[in-house]
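Here is the structure we will look at, set down as structure tokens.
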Amino acid sequence: MNVYDSHRIADVLKPLGFELSDTPEGSDMMVLNTCHIREKATEKVFSELGRLKEHKIKKESEGDTKVIMAVAGCVAQAEGKIITQRAPFVDLVFGPQTYHRLPEMVSKLTGIRSGSKNKRHIDTDFPAEGKFDYLPEETQSQGSSAFLSVQEGCDKFCTFCVVPYTRGAEFSRPVQSILDEALSLVDKGAKELNLLGQNVNAYHGAGKDGKIADLAHLLHELSEINGLERLRYTTSHPRDMTENLIQAHGDIKELMPYLHLPIQSGSNKMLEAMNRKHDAQMYLDIINDLRKIRPDIAFSSDFIVGFPGETEQDHLDTMELVKQVSFAACYSFKYSPRPGTPAANMRGLVREDVKTERLIRLQQLLGDQQKQFNESQVGKILPVLLDRKGREEGQLHGRSPYNQAVHVKASPRLLNEIVNVRIKTATQSSLTGEILTSESESTKTKAA
Ligand code: 5AD
Ligand code: SF4
């Protein structure tokens with residue numbers, strides 16, 4: 001979501017004369033887009049600001065130009081005041097919901113001569129106007145695989161999570177506005193769209209007929225777009241895996257057979273303490289239903305170890321669930337107390353060394369499963385979207401339907417094409433293969 005937001009921030013700034021630069025050196029404006037989900041991410045903000053400050057000082061000392069230093073995103077939202085206190089050289093602080101107001105914020109600042117004080121601007125509102133109604137059309141192509149934000153915020157209030165506080169209440173964009181953006185992305189070369197939302201499968205936007213549309217409906221609409229070959233959505237909550245949405249995985253061929261469905265823990269006691277509103281069995285039932293509808297589907301998930309009150313048995317329950325599902329790839333984290341969340345005041349803190357030890361055991365198992373999954377692809381022919389140049393000369397990098405990184409030797413003219421690749425080798429993190437046909441699979445036609 002932050003990658004997407006960063007692109008949109010660049011789009012908003014373009015009419016003001018700003019161009020994206022590869023390096024902070026010599027820039028007229030630096031925007032640090034931040035994440036507040038765990039303490040580690042938050043800590044990085046201040047060290048990074050210290051580094052960026054040097055570029056600002058250097059450029060400002062060379063002339064009478066004001067270099068704007070901005071902090072965006074969820075740390076800005078949650079800790080705006082602290083940022084301006086700890087880093088007084090920061091000029092702008094704005095949350096994820098207000099970046100459409102950047103032109104106004106920047107014009108207020110640019111009248112200021114370098115060196116003036118107390119002219120900082122903080123905008124961490126949850127404005128009544130919808131951000132998406134004010135954003136300009138995307139100016140740069142995201143390439144053949146593009147993000148598209150369809151939903152923001154979350155009403156679930158898991159007890160460990162800052163998202164409902166930093167991103168605010170659930171909001172779904174209207175179907176038509178999403179279709180317009182999707183068409184524009186496809187025009188700019190996108191073949192794959194990854195629909196984004198903090199709780200994307202809770203999507204309930206205004207449909208074209210004025211009725212509320214769910215995610216399944218939106219996916220069906222998007223799948224009709226000519227030239228759009230692949231659809232994904234992330235990230236989902238098990239409670240919102242409706243029958244409609246499960247069925248969509250059987251009906252929509254553009255929907256890739258890969259789903260990121262966080263569970264966090266395999267222990268019912270922990271799931272309850274986390275306020276996840278589902279138990280382990282409900283999760284397993286969803287996995288089974290999806291496998292019945294789409295037998296080749298693979299899953300990834302998120303896990304938190306060492307949540308307050310987690311015992312060795314709870315951890316073993318998580319390990320057991322992982323064995324039952326067998327995941328293709330997963331993210332796992334040590335519980336990190338976040339200020340303002342209910343879990344931050346819970347008793348039964350788990351010792352850091354115990355958390356570490358549990359995380360190592362879990363990651364070992366998840367790593368083995370990922371390797372096994374990747375190895376199971378060797379010998380198979382997979383359609384791969386070649387989305388960028390590879391690290392080595394003559395190589396392209398692509399993504400399999402399961403979002404695996406695939407490296408192939410290929411002519412650069414195949415960049416941004418979907419080609420059939422026979423998988424030759426696999427490691428835990430990637431695959432290599434050989435192109436079978438140089439023909440793009442994108443020759444099919446669809447009704448407009
Ligand atoms: N501590 C550790 N992990 C967290 N996540 C969210 N909040 C926390 C926290 N306080 C993880 C969850 C979520 C993912 C995006 O980040 O696993 O699914
Ligand atoms: Fe956070 Fe996801 Fe829970 Fe919402 S559903 S509170 S975003 S972990």
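The values are calculated or read from the model by the stated rules, or taken from the named source; none is laboratory data. Predicted, not measured: the structure shown is a model, and the values here were computed from it. Here the Cβ positions follow ideal geometry from the backbone for every residue, glycine too, while neighbour counts run over all protein chains shown. To get the accessible areas, we keep the full protein, side chains included, count just its heavy atoms, and leave off ligands, DNA and RNA. Shrake-Rupley method; radii C 1.70, N 1.55, O 1.52, S 1.80 Å.
Suppose R0 equals 51 Å. What FRET efficiency, 1/(1 + (r/R0)^6) with r the Cβ-Cβ distance, do ALA10 and LYS380 give to the nearest 0.05?
Working from the Cβ atoms, E equals 0.85.
Sticking with the crude label model, points 7 Å out along Cα→Cβ, report the distance from SER107 to GLU60 in nm, one decimal please.
2.4 nm
Quick query: amide H of LYS424 versus all other amide H atoms, modeled in the peptide plane; which residues come in under 5 Å with a sequence gap of 5 or more or a different chain?
The answer is GLY379, THR432, GLY433, GLU434.
With θ set to phi - 60° and the Karplus curve 6.51 cos²θ - 1.76 cosθ + 1.60, what are the ³J(HN,Hα) couplings of the stretch 87-100 in order, to the nearest whole Hz, using x for Gly and Pro?
10, x, 7, 7, 9, 9, 10, 9, x, x, 9, 10, 6, 5
What is the antiparallel percent of DSSP beta bridges lying wholly in the chain, to the nearest 5?
40 percent
Return the percentage of antiparallel bridges among DSSP beta bridges fully within the stretch 131-375, rounded to the nearest 5 %.
20 percent
Taking LYS211 as the anchor, which lysines have their alpha carbon closer than 24 Å to its alpha carbon, excluding any fewer than eight residues away along the same chain?
Output for LYS211: LYS131, LYS156.
If you roll a 1.4 angstrom probe over the protein chains with everything in place, what fraction of the accessible area of the chain belongs to carbon and sulfur, to the nearest %?
Result for the chain: 50 percent of the exposed heavy-atom area is carbon or sulfur.
Can you give me the pair-distance distribution of the stretch 88-213, C-alpha pairs, 5 Å bins, whole percents?
Reading the bins upward from 0: 2, 9, 15, 17, 17, 15, 12, 7, 4, 1, 0.
Hey, if we sort LYS323, LYS355, LYS14, LYS59 by accessible area with the 1.4 Å probe, largest down, what's the order?
LYS323, LYS14, LYS59, LYS355
Taking the solvent-accessible surface of protein heavy atoms with a 1.4 Å probe, what is the per residue accessible area of the stretch 2-123 in Å²?
Each residue of the stretch 2-123 exposes 50 Å² on average to a 1.4 Å probe.
Taking only C-alpha pairs under 8 Å that are 6+ residues apart, what is the relative contact order of the chain in percent?
Relative CO of the chain lands at 10 percent.
Compute the signed sum of charges (Lys and Arg +1, Asp and Glu -1) over the other residues within less than 11 Å, Cβ to Cβ, of ALA190.
-3
How big is Rg to Rh over the stretch 131-375, alpha-carbon atoms, Rh as the Kirkwood inverse-mean-distance radius?
Dividing the radius of gyration by the Kirkwood radius yields 0.99.
Mind listing the long-range amide H neighbours of LEU228? Cut-off is under 5 Å, sequence gap 5 or more, other chains count too, H placed in the peptide plane at 1.01 Å from N.
none
When you take every Cα atom in the stretch 175-231, what is the radius of gyration, and what is Dmax, the widest Cα pair distance, in Å?
11.1, 31
Can you give the FRET efficiency to the nearest 0.05 for ASP22 and GLU243, using r as the Cβ-Cβ distance and R₀ = 51 Å?
That gives a FRET efficiency of 0.60.
Ignoring everything except DSSP H segments at least 4 long, calculate the 222 nm mean residue ellipticity for the chain; use -39,500 (n - 2.57) per segment, divide by total residues, nearest 500.
-11000 deg cm²/dmol
Per residue, how big is the convex hull around the C-alpha atoms of the chain? Give it to me in cubic angstrom, could you?
So the per-residue hull volume is 156 Å³.
For the stretch 23-122, just the Cα atoms, rotate onto the principal axes and tell me the three extents in Å, largest first.
Here the Cα extents, ordered largest to smallest, are 39, 26, 24 Å.
Using 0.36 nm times the number of residues separating ARG51 and ASP180, minus their current alpha carbon distance, what extension gain do you get?
Here the answer is 42.5 nm.
What's the ranking of 341-353, 191-203 by average number of surrounding C-beta atoms within 10 Å, highest first?
Per-residue Cβ counts within 10 Å, averaged per peptide and sorted highest first, yield 191-203, 341-353.
Under 5 Å between amide H atoms, partner at least 5 residues away or on a different chain: which partners does GLY309 have, H built in plane at 1.01 Å?
Under 5 Å from the amide H of GLY309: LEU349, VAL350.
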